[in-house]
Amino acid sequence: MDETQQTTDVLVIGAGMAGLIAAAELQRAGHRVLVLDKGRGVGGRLASRRIDGATFDHGAQFITARDPRFAALLEQCRQTGAAEEWCLGFAGGADGHARWRGKPAMSAVAKHLALGLDLHLEMPVVALRRADDCWRAETTTGRTFTTGAVVLTPPVPQSLAMLDAGGIVLAPEMRTRLAAIEYARCLAVMAVLDGPSRIPPPGGLAPADGPIAWIADNALKGISAEPAVTIHATHAFSLKHWERDPQESGRALLDAAAPWLGAGIRTFQVHGWRYSKPMQVDEEPCVVVSQSPPLVLAGDAFAGPRVEGAALSGWAAAEAILTK
């Protein structure tokens, strides 16, 4: 068999929350499922990083659950040790609604959901083509994957680029609808401090104005053994500074965060989230681009701009394929 070509029942592109949920559901239904992701690890924006002994959640900061099915999934994660309740709100705005965190960090939730799945990481898909009654995904590695159905979960602009590269023409109304979905950008600063911060318990706050949308103390949160803060810039700041030197942008955000730091900065890194969250959400929980062979788009742009929304979209995509 040609090792550059592989065949499966369902191909899930993207190993974030939506992709992992869809893949697990389809696999439980008896399908052979492959999951491809361009990254080195699973989870997408459920992202964690270690710097000089400190641990950071630098993507999604917490998870909330309103849907009973998703609440049950979080409870399962709690029972397996992959998640726990962080708090019931933040200083001055506690509302009694549980915020969950990954344990030991956010990426643990994605790693738990990925157990038992056939994953191919560092496998960027550049084009998706129609091949008779199948789909063929082409990657930058030269490997191709032929499949009877596809769940496409990257941010919508990236999904559209894959379809364009494969010559897939969408109906004008659908194209317009999908192209209208825009995402907020977010520059994230991860700073290791030489002492505790001044951020009040439970360790997170959203300033009312200025360039900072969110700042969190990862030690108070319970994920870092060393004093460490995560700073998320606003979309406006991130967009303005996107092409600038990230170190300069990081220093500007650290200067703005000075009232909450209360300690010196040992080191810091900056990460840019080009698609941090959708600014518009489609009216449907997933979008069926093709019925035969099935091609479904899913993600947090369809069921809500939260971790829970991505999960609900993943379930909806799996159901769309199972009931075709």
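Please compute the modelled spin-label separation between Gln280 and Gln79, points set 7 Å along Cα→Cβ, answer in nm with one decimal.
Calculated label separation equals 4.2 nm.
Sorted by packing (mean other beta-carbon atoms within 10 Å per residue), highest first, where do 285-291, 138-144 land?
By packing density, highest mean first, the sequence is 285-291, 138-144.
Helix hunt in the chain: which complete DSSP H runs extend at least 18 Å axially by C-alpha with mean Kyte-Doolittle at least 0.5?
TM-like helix candidates: 307-322.
Please give the calculated 222 nm ellipticity per residue for the chain, where each DSSP H segment of at least 4 residues contributes -39500 (n - 2.57) and the sum is spread over every residue; nearest 500 deg cm²/dmol?
-8500 deg cm²/dmol
In what sequence do Ser224, Ser292, Ser313 fall when counting other Cβ within 10 Å, fewest first?
Details: Ser224 25, Ser292 9, Ser313 32.
Going from least to most buried by this count: Ser292, Ser224, Ser313.
Taking amide H positions as placed in the peptide plane 1.01 Å from N, state which residues far from Met123 in sequence (5 or more) or on other chains have amide H under 5 Å from it.
Correct list: Asp37, Lys38, Gly39.
For Gln6, enumerate residues with amide H under 5 Å from its amide H, sequence gap 5+ or separate chain, H modeled in the peptide plane.
Thr144, Phe145, Thr146
Could you state the number of Å between the C-alpha centres of the range 244-278 and the range 109-185?
Result: 32 Å between the Cα centres.
Neighbouring Cβ atoms within 10 Å as the yardstick, rank Lys324, Lys277, Lys38 fewest first.
Working: Lys324 13, Lys277 20, Lys38 17.
Going from sparsest to densest Cβ surroundings: Lys324, Lys38, Lys277.
Once a ≥ b ≥ c are taken as the square roots of the eigenvalues of the Cα gyration tensor of the range 96-186, is the result rounded (a/c under 1.5), prolate (a/b larger than b/c) or oblate (a/b not larger than b/c)?
Here the range 96-186 falls in the oblate category.
Classify the range 6-107 as rounded, prolate or oblate, taking a ≥ b ≥ c as the square roots of the eigenvalues of its Cα gyration tensor: rounded when a/c is under 1.5, otherwise prolate if a/b is larger than b/c and oblate if not.
oblate
To make sure I understand, if each residue's beta carbon is the centre and we count other beta carbons within 10 Å, what order do Trp242, Trp100, Trp214 fall in, fewest to most?
Listed from fewest to most nearby Cβ atoms, that is Trp242, Trp214, Trp100.
Assuming 0.890 mPa s and 25 °C, estimate D for the range 239-324 with Stokes-Einstein, Rh taken as the Kirkwood radius over Cα pairs, in µm²/s.
154
The range 29-46 to the range 7-27: how many Å between their Cα centroids?
6
Quick one: among Leu160, Leu170, Leu253, which has the greatest mean-square fluctuation in a GNM of the chain with alpha-carbon springs under 10 angstrom?
Leu170
So for the chain, what percent of the C-alpha to C-alpha distances run longer than 38 Å?
16
In a solvent-free Debye calculation with one equal scatterer on each Cα, what is log10 I(q)/I(0) for the range 183-278 at q = 0.16 Å⁻¹, listed in the order of the q values?
One equal scatterer on each Cα of the range 183-278 leads to -0.59.
Rule-based calculations on the coordinates, nothing more; no lab input. The model shown is predicted, which means the values in this text are computed figures rather than measured ones. Cβ coordinates were reconstructed from backbone atoms using ideal geometry, including for glycine residues, and neighbour counts include every protein chain displayed.
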